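The values are calculated or read from the model by the stated rules, or taken from the named source; none is laboratory data. As the structure is a prediction and not an experimental result, all values here were calculated from the model. Positions of Cβ are backbone-derived with ideal geometry, glycine not excepted, and every protein chain shown enters the neighbour counts. When the accessible area is computed, the model is the full protein with side chains, heavy atoms only, and any ligands, DNA or RNA have been set aside. Shrake-Rupley method; radii C 1.70, N 1.55, O 1.52, S 1.80 Å.
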Amino acid sequence: MKKAMDTLQVQLRAIRYEAPTINTYEFHAPDGSPLPGFTAGAHIDLHLPNGLVRSYSLCNAPGDTHRYVIGVNRDPSSRGGSSWVHDALRVGAVLTIGAPANNFPLVEDAAHTVLIAGGIGITPLMGMIQRLEALGRSWELHYCTRTREATAFVGALRQYGSRVQFHHDGEPGGKRLEFASILTQHDEHTHFYCCGPTAMLNAFEATAATCGSGARFHVEYFAAGEAPATSGGFNVQLARSGRLIQVSAGKTILDALIDEGIDVSYSCSQGVCGTCETRVLAGVPDHRDMVLTKGEQAANRSMMICCSGSRSECLVLDL
Ligand code: FES
C-alpha cells in the first residue's frame, strides 16, 4: 500500500471546461488552509474511490499555496481513471491525493527554454510557463493538437503572442511538428521539455539523441512505454532485513513484495510516477520504466520495482 504519510485530503471546488474532452479541476484544503508547495512540472496522484490511483500534472502557478489545478482529458480507452473523473467527480467531493512530487523539474536558470506539448501534455508546461514568466526568463512553446477546437488553454496562452506556436496536424494544410528544425535552431544553453503521447516523446528523444548533451532534453511520459517485467525466475534480497523473496513468473517485484506483506510505496504501477524508486545494492535490473534517463538506467543505482525486473539471478535492494 502507498504510505499514508504521503497523502492528504482535498476538496474539489471548481470544474472548468477547456475543450470538448478536457476539463480542469481545482482542489483546495477542505478547511481552506495552505497546501504543501510544489515546483513547476510537479504532479499529484488522485486516489479514486474505485481503487485506482492516477497521476495528473499541476497546471496552476507553482507559487499558489491555496489550490491545486489539474487538467484531465477523457481518454477514449480509459480503464476508469479519466472517465471516472469526468463522469462521477462533482464539486464538493473530498478526495485523497498524494502530496506533489516532481519527475519533470524545470531548470530555472537556462538562457532559453523551449516547451513542446502534445495534447494534454500541455498541463505541466502551463506551470512551467507561469514560473518562467515570474522569473522573467526567455521561453517559447510549440503546442501540437489535432484541431483548434480540441485545444485547451487557448485563451490563457494567447496573451503570450508569438512565443506560443500552435500546430494542428488534423486541420487542412496542417502537418506534424518537425523536431529536427526546432532542436537544431538553438545553442547549448537552451533546455527543451517535451510532454505528450508516447510516439511523440519517442520521436523527440530520437532527434535529441543526435543533438549533443542529453542533460538539456527533458521528457515526461504519461503512460507506460513497455510491458512490465513479469517473467520472474529470480530472487530479491532485502538488505535491511536480510529476507529473500522469490519473484515467480506472472509477478512483478512489487507484486511479490506485497504478497509477502512488505510495506512499500507505490502509486501508478506503470513505471511513470517514480514513487516506487528503490536503490539497487547489487545485481542488474531489467529496466522498464519511463522515469529514469537512459544514463540513470545504465548506472543501475536505482530501479522502479513496479515494472522492472532482473537480468541477474538475484537483486539486492535497499529495503
Ligand atoms: S509506482 Fe509509479 S513508477 Fe512505480
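Between G295, G81, G161, find the one with the highest GNM mean-square fluctuation for the chain; connect C-alpha pairs within less than 10 Å.
G161
Taking every pair of alpha-carbon atoms in the range 234-317, what share in percent sits in each 5 Å bin, from 0 to the bin with the longest distance?
Reading the bins upward from 0: 3, 17, 29, 29, 18, 4, 0.
Over the chain, with a Gaussian network built from C-alpha contacts below 10 Å, which listed residue (G41, G309, G92) shows the highest mean-square fluctuation?
G92
Using the Kirkwood formula over every pair of different C-alpha atoms, what hydrodynamic radius in Å results for the chain?
Kirkwood radius, the chain: 20.8 Å.
R146 versus V284, label points 7 Å from Cα toward the beta carbon: distance in nm?
Reported label-point gap for R146 and V284 is 4.3 nm.
Given the options V107, V91, V272, which has the most mean-square fluctuation in a GNM of the chain, springs set between C-alpha atoms less than 10 angstrom apart?
V91
What does DSSP give for the chain in terms of the percent of beta bridges that are antiparallel, rounded to the nearest 5? Numbers along the way, then the final one.
Details: 38 of 63 bridges.
In the chain, DSSP labels about 60 percent of beta bridges as antiparallel.
Rg and Dmax of the range 4-98, Cα atoms, in Å?
12.5, 37
For the chain, what is the mean residue ellipticity at 222 nm derived from helices alone (per DSSP H run of n ≥ 4: -39500 (n - 2.57); sum divided by total residues; nearest 500 deg cm²/dmol)? Can you show the working numbers first?
Numbers: 7 runs with 55 residues, N = 319.
For the chain, the value works out to -4500 deg cm²/dmol.
Which of rounded, prolate or oblate describes the range 70-200 when judged by the alpha-carbon gyration tensor and an a/c cut-off of 1.5?
Details: a/c = 1.96, a/b = 1.35, b/c = 1.46.
Cα axes put the range 70-200 in the oblate bin.
Can you work out the Karplus-derived ³J(HN,Hα) for every residue in the range 79-85? Use 6.51 cos²θ - 1.76 cosθ + 1.60 with θ = phi - 60°, whole Hz, and x for glycine or proline.
For the range 79-85, the Karplus curve yields 9, x, x, 5, 5, 5, 4 Hz.
Averaged per residue, what accessible surface does the range 234-317 expose to a 1.4 Å probe, in Å²? Walk me through the intermediate numbers first.
Working: 3850 Å² over 84 residues.
Per-residue value: 46 Å².
Ignoring ligands, DNA and RNA, what percent of the accessible area of the range 271-319 is carbon or sulfur (1.4 Å)? It would help to have the intermediate numbers written out before the result.
Values: 980 of 2100 Å².
Summing carbon and sulfur atoms, their accessible area is 47 percent of the total for the range 271-319.
So, with a 1.4 angstrom probe, what is the percent of accessible area on the range 112-220 that is carbon and sulfur? Walk me through the intermediate numbers first.
Numbers: 2490 of 4970 Å².
Here carbon and sulfur together make up 50 percent of the probe-accessible area.
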